[in-house]
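*Asks:* If you scroll down you'll find the structure; I have some questions about it.
All of the numbers you see were taken from the coordinates with simple rules; none came from a lab. The model shown is predicted, which means the values in this text are computed figures rather than measured ones. All Cβ positions, glycine included, derive from the backbone under ideal geometry; neighbour counts span all protein chains shown.
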Amino acid sequence: MTKAAFLFPGQGSQIVGMGGDLCQAFEPARSYFARASEVLGFDLSRLCFEDPGETLQLTANLQPALLTTSVAAWAALELHSGLRPAFVAGHSLGEWSALVAAGALAFEDAVRLVRLRGAAMQEAVPPGKGAMSAVLGLSGEIVSALCARVTNELGSDGVVVPANFNGAGQVVISGTRDAVERASAVLKANGAKRVMPLPVSAPFHSPLMKSAAGRLEAALDGVIIAAPRVPVVCNVDGRACSDPGELRRALVDQVAAPVQWEACLGEMAGKGVTHFVEVGPGKVLSGITKRVVPGARTSLSGRADDIRALAAEFPRDGEPRGVEAGA
């Protein structure tokens, strides 16, 4: 039998209208949006389904919006298909969606905490002081070495580090704006095919996020994290984990540490996964997976038609399973 993994996207995968057709087609999706709106104190459906302009792009809004859309897609897929993952993983914010899907974290806790996470990350660095850029065509080792060189040259005046090791020659760098700009020039001079500034509001997954990590750690105190039903492959080290204490630590550490996404994919592929299902809006992770894992099958499940197609191919056997631990 084909071994599958569910992949949950992070920031950058959002689209206007995300989750709308899921809620029209599937009651579990509507339920999760209603529950999220109750936690947040505003109508999340309206924020996601209509064109809210820049309001959706605010990190404190976008993180719970993406989490809810991904969990809504997962709930519909879980209820209507027989496809079950051997592993789950999420890119950055997506790790929270993965923990909910694995039954390790209650949905309401996740919504509340990613709202705080987004606000803390946004507030960690003054607007305009941080930046991120995508680097194409260089290995992670070369990007790491050149970023370290630039940081050393700047001393206390700036920092730039790799933030995402996405694989297949794609690395995202993050840090103070001047340092990222200087590193971009150095990377181009050393063979990068392209260096593209990213439209983000803060330098995520860099040491500049340490204050945000501290705030999140305090907020996590007392929140229950249970043993997951299936292993969660963590961003911080690319390893499958089922220990609640380690999962809690990973959520805190990943805020200021690079996302080891290539290692995550390698871990799952090395354990026999050949089918990767992107659960949530967009197809960013599917594109990366095709480049990193030769011969892998990828599927999308961010829209109602995607879920219907997977349900037809993988029909559930018997009564539908519950869509949340303890529900």
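*Asks:* Specify the residue with the greatest mean-square fluctuation among S31, S301, S201, computed from a Gaussian network of the chain linking alpha-carbon atoms under 10 Å apart.
*Replies:* Comparing S31, S301, S201 in a Gaussian network model of the chain, the most mobile one is S31.
*Asks:* How would D157, D237, D317, D306 line up from fewest to most surrounding beta-carbon atoms within 10 angstrom?
*Replies:* Going from sparsest to densest Cβ surroundings: D317, D157, D237, D306.
*Asks:* Tell me what the chain gives for mean residue ellipticity at 222 nm when only DSSP H runs of n ≥ 4 count, each as -39,500 (n - 2.57), the sum divided by the residue total, rounded to 500 deg cm²/dmol.
*Replies:* Roughly -14000 deg cm²/dmol at 222 nm, from the helical runs in the chain.
*Asks:* Jot down the per residue volume, in cubic angstrom and as a whole number, of the convex hull over the alpha-carbon atoms of the chain.
*Replies:* Values: hull volume 40.4 nm³, N = 327.
Dividing the Cα hull volume of the chain by its residue count gives 124 Å³.
*Asks:* A further question on this structure: Relative to the longest principal axis of the C-alpha atoms of the chain, give the angle of the C-alpha long axis of helix 304-313, reported between 0 and 90° and rounded to the nearest 10°.
*Replies:* 60
*Asks:* Angle, helix 140-154 long axis vs. longest principal axis of the chain, Cα atoms, 0 to 90°, nearest 10?
*Replies:* With rounding to tens, the tilt is 50 degrees.
*Asks:* Test of understanding: in a Gaussian network model of the chain with alpha carbons linked when under 10 Å, which of F314, F87, F165 would top the mean-square fluctuation ranking?
*Replies:* Among F314, F87, F165, the largest GNM mean-square fluctuation belongs to F314.
*Asks:* Could you identify which residue out of V39, V277, V88 has the top mean-square fluctuation in a GNM of the chain using Cα springs shorter than 10 Å?
*Replies:* With Cα springs under 10 Å in the chain, the top fluctuation among V39, V277, V88 is at V39.
*Asks:* Going Cα to Cα from K188, which lysines come in below 28 Å? Please leave out same-chain ones fewer than 8 positions away.
*Replies:* List returned: K129, K283, K290.
*Asks:* On to the next question. Express the Stokes-Einstein translational diffusion coefficient of the stretch 30-180 in µm² s⁻¹, to the nearest whole number, given a Kirkwood radius over alpha-carbon pairs, 10 °C and a viscosity of 1.306 mPa s.
*Replies:* Calculated translational D: 91 µm²/s.
*Asks:* Of V135, Q57, A98, whose Cα points farthest to the positive end of the dipole of the stretch 45-139 (charges on the beta-carbon: +1 Lys, Arg; -1 Asp, Glu; origin at the Cα centre)?
*Replies:* Highest projection toward the positive end goes to V135.
*Asks:* Report the relative contact order of the stretch 130-200, percent, no decimals, based on alpha-carbon pairs under 8 angstrom and at least 6 residues apart.
*Replies:* Over the stretch 130-200, the number comes to 48 percent.
*Asks:* Report, to the nearest 10°, how far helix 27-40 tilts away from the longest principal axis of the Cα atoms in the chain, using its own Cα long axis and a range of 0 to 90°.
*Replies:* Tilt of helix 27-40: around 50 degrees.
*Asks:* For A86, what is the net charge nearby, where nearby means another residue's Cβ is under 13 Å from its Cβ and Lys, Arg count +1, Asp, Glu -1?
*Replies:* Net charge around A86: +3.
*Asks:* Going by how many other Cβ atoms sit within 10 Å of their own, how do L138, L93, L79 line up, fewest first?
*Replies:* So the ranking, lowest neighbour count to highest, is L79, L138, L93.
*Asks:* If you don't mind, another one. What are the principal axis extents of the Cα atoms in the stretch 130-200, in Å, biggest first?
*Replies:* On the principal axes, the stretch 130-200 reaches 32, 24, 18 Å in Cα extent.
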